[in-house]
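Asker: Have a look at the structure that comes next, please.
The values are calculated or read from the model by the stated rules, or taken from the named source; none is laboratory data. The structure presented is a predicted model; accordingly, all values stated were derived computationally and were not measured. Cβ placement follows ideal geometry from the backbone for every residue including glycine, while neighbour counts extend to all protein chains displayed.
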Amino acid sequence: MSIDTPWASQVSIILGQRSFKITLMDFLSFFALGMIIFVILVLAYGMIAIHDIPFHVAKKRNHPHQDAIHTAGWVSLFTLHAIWPFLFCDNANHSHGGWSGD
């Protein structure tokens, strides 16, 4: 079955003894696959970067439990963000003297 449309033009690639014909649609398929992989990698990096925000806030404010907050951020990453809001609450209250407000 042949397609006689302008976007179905073929490019011949010669690699050693083999010859491959790549159409524009093949290129677009590989481009789409590359974009999907790129987006997945950016989202994965974004998730990890977001979970380090409480640690960076604790480090900036010289929180006494910086290591625990960093570990809790990673635990929250693997527990579907269950304890992540509490990390922000702890950081926010520490800058004002803790829960007592002193």
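Asker: Could you tell me whether any residue of the range 79-93 is of a type in the set (Gly, Ala, Ser) and assigned to a loop (DSSP other than H, G, I, E, B)?
Answerer: Yes: the range 79-93 contains one or more residues that are of a type in the set (Gly, Ala, Ser) and assigned to a loop (DSSP other than H, G, I, E, B).
Asker: Need the failing condition index for Ser12 against (1) modelled with pLDDT of 85 or more; (2) over 29 Å from Trp74 (Cα atoms), just the number.
Answerer: All conditions are met except number (1).
Asker: I've got another one for you. Do you know which residues across the range 42-63 are touching a residue at least 24 places away in the same chain (Cβ under 8 Å), in a helix (DSSP H, G or I) and farther than 14 Å from Phe86 by Cβ?
Answerer: Those that are touching a residue at least 24 places away in the same chain (Cβ under 8 Å), in a helix (DSSP H, G or I) and farther than 14 Å from Phe86 by Cβ: Met47, Ile48.
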